[in-house]
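Report on the structure given below.
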Amino acid sequence: MNQENLSPQSRSWKMPILLLIIFAVLGAARLNPFYFYNPDSSDYVLMARGFVEFQEYRQFDRPGEPYFTLRPPGMSVLLMPAAIIAPYDVIAAKVTVLMTALVMIWLFYTLAWRLISSADSESAESLSPLRWSVLLVSLVLMTNPYVLVYATIVMSEIPFMACTLAVLYLFSAEEEKWSFGKLVCLTGLLVFIPFLRTIGVAMIMAVGLW
């Protein structure tokens, strides 16, 4: 298959993949065994290990083992695989968050590309400037200092953004009839998002009103 037979979208994946690699390298360079944000980060890791060991939703590192009441359990659920592979390992937890940041950037790019492609169905030449604008905006997103910081600490901001973009991506699909699998995926995301951050409740209400 020659280059001319490739669709504009298939030829547009090389640059975002390069951006993801660059972001992954920058994130890996920031990984360290420190939590930075206490007690949130350490609590998420401890709660994840508690879930794995079936110790309920308790602060088993404190006298009396009180229940966790301030932080939703979604972030700890995401960290459960890391808690199984490397218990109490901060690096493993941060790698989990970094992976959700890569998913977030990829979803942002694909969502933006889908929107401009549906808005302009003309030739590849007419889409080329728009494609470069999507790459530029994606670059601005991934070079935001706060995105890099929150992608390399054990906090729920980046996973929340990734799940929100996933919901928008599913909603943006131009389909007359949704498949059962897509409906299940959307429902799961909408149910899970409020457990990542309490502000997610406001987002769910906004989506419902929309």
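Just a few scattered comments:
- The listed residue being open to solvent by less than 60 Å² (accessible area, probe 1.4 Å), touching a residue at least 40 places away in the same chain (Cβ under 8 Å), out of contact with any Phe, Trp or Tyr (no Cβ under 9 Å at 6 or more places or on another chain) and within 19 Å of E157 (Cα to Cα), out of A82, A93, A28, A101: A28
- So L168, is it open to solvent by 30 Å² or more (accessible area, probe 1.4 Å) and touching a residue at least 24 places away in the same chain (Cβ under 8 Å): yes
- A124 vs. criteria over 21 Å from Y169 (Cβ atoms), at pLDDT 85 or above and either open to solvent by less than 60 Å² (accessible area, probe 1.4 Å) or in contact with a strand residue (DSSP E or B) (Cβ under 6 Å, 6 or more places away or on another chain) (or both): no
- Residue in region 173-210 that is modelled with the highest pLDDT, counting only those that are assigned to a loop (DSSP other than H, G, I, E, B) and within 19 Å of M104 (Cβ to Cβ): R197
- Residue in region 42-56 that is touching a Phe, Trp or Tyr at 6+ places or on another chain (Cβ under 6 Å) and either part of a loop (DSSP other than H, G, I, E, B) or of a type in the set (F, W, Y) (or both) present: no
- Filter pass, M155 being among the hydrophobic types (A, V, I, L, M, F, W, C), open to solvent by less than 40 Å² (accessible area, probe 1.4 Å), modelled with pLDDT of 85 or more and in a loop (DSSP other than H, G, I, E, B): yes
- Taken over region 31-48, the criterion of being open to solvent by 40 Å² or more (accessible area, probe 1.4 Å) and not aliphatic (A, V, I, L, M) is satisfied by P33, F34, Y35, F36, Y37, N38, P39, D40.
- From the list R30, R11, the one residue that fits, being of a type outside the set (A, V, I, L, M, F, W, C) and at pLDDT 75 or above, is R30.
Conditions (1) in a helix (DSSP H, G or I); (2) modelled with pLDDT of 95 or more; (3) at positive phi, marked per residue:
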site: V77; (1), (2), (3): yes, no, no
site: Y88; (1), (2), (3): no, no, yes
site: T96; (1), (2), (3): yes, yes, no
site: S118; (1), (2), (3): yes, no, no
site: S128; (1), (2), (3): yes, no, no
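- No other residue among L170, L107, L139, L165 is under 21 Å from L26 (Cβ atoms) and modelled with pLDDT under 90 apart from L139.
The values are calculated or read from the model by the stated rules, or taken from the named source; none is laboratory data. Fair warning: this is a prediction, and the values are worked out from it, not measured in the lab. So basically every Cβ, Gly included, is an ideal-geometry build from the backbone, and we count neighbours across all protein chains shown. Each accessible area value is taken on the protein alone, full model and side chains, heavy atoms only, with ligands, DNA and RNA left out. Shrake-Rupley method; radii C 1.70, N 1.55, O 1.52, S 1.80 Å.
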